[in-house]
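The values are calculated or read from the model by the stated rules, or taken from the named source; none is laboratory data. Predicted, not measured: the structure shown is a model, and the values here were computed from it. Virtual Cβ from ideal backbone geometry, glycine too; neighbours counted across all protein chains shown.
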Amino acid sequence: MDKIIIEPTLETPRVVLDRDSSIIEFSGNSLPEDVNTFYAPILEWIDNYVDNPNQQTEVSMNFDYYNTSSSKMILRILERFRDIHRKGYPVVVNWLYMEDDEDMVEAGEDFADHLKIPFKFIPIQH
């Protein structure tokens, strides 16, 4: 599986999908003009990963901000990791947030409640 590294812009997050190094991370802002076009190759990579996951999967989500359409994509991404969890593989989502960003904590808690997979909430100092 080829790794994917997408460098961030003001509208799109940094994305690292590297099965060999067990790195799956999203960070920055997500408000692309066309959310489907931006996330299509990411979802395709994750679909392939779901078919043959590592023995354990750790996903890091470190968003500064994302819009509503990105929120739906983040949910779709996390649902695929829930599929891996349901197959019996250990999965944890590291939800990083600025320590004073209550909205981002709440968003992560909503995802965790909905998906019923392990989340670790990690505050970041400014």
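In table form, for the structure just shown:
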{"item": "Of all residues making up segment 51-79, the number that are farther than 16 Å from V16 by Cβ and either surrounded by fewer than 16 Cβ atoms within 10 Å (Cβ to Cβ) or small (G, A, S) (or both)", "result": "15"}
{"item": "In segment 19-36, the residues that are over 16 Å from N62 (Cβ atoms) and either at pLDDT below 95 or among the acidic types (D, E) (or both)", "result": "D20, E33, D34"}
{"item": "Filter result for K87 (surrounded by fewer than 19 Cβ atoms within 10 Å (Cβ to Cβ), among the basic types (K, R) and either closer than 26 Å to D2 by Cβ or modelled with pLDDT under 95 (or both))", "result": "yes"}
{"item": "Looking only at segment 93-126, and only at residues there that are β-branched (V, I, T) and under 17 Å from S27 (Cβ atoms), the one that is surrounded by the fewest Cβ atoms within 10 Å (Cβ to Cβ)", "result": "I124"}
{"item": "I46 surrounded by 18 or more Cβ atoms within 10 Å (Cβ to Cβ), β-branched (V, I, T) and out of contact with any Phe, Trp or Tyr (no Cβ under 7 Å at 6 or more places or on another chain)", "result": "yes"}
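Quick grid of which residues meet (1) under 22 Å from E102 (Cβ atoms); (2) part of a helix (DSSP H, G or I); (3) free of Cβ contacts under 8 Å to residues at least 12 places away in the same chain; (4) touching a strand residue (DSSP E or B) at 6+ places or on another chain (Cβ under 8 Å):
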{"position": "D20", "(1), (2), (3), (4)": "no, no, no, no"}
{"position": "F26", "(1), (2), (3), (4)": "yes, no, no, yes"}
{"position": "N29", "(1), (2), (3), (4)": "yes, no, no, yes"}
{"position": "W45", "(1), (2), (3), (4)": "no, yes, no, yes"}
{"position": "Y49", "(1), (2), (3), (4)": "no, yes, no, yes"}
{"position": "Q55", "(1), (2), (3), (4)": "no, no, no, no"}
{"position": "S71", "(1), (2), (3), (4)": "yes, yes, no, no"}
{"position": "I74", "(1), (2), (3), (4)": "yes, yes, no, yes"}
{"position": "E79", "(1), (2), (3), (4)": "no, yes, no, no"}
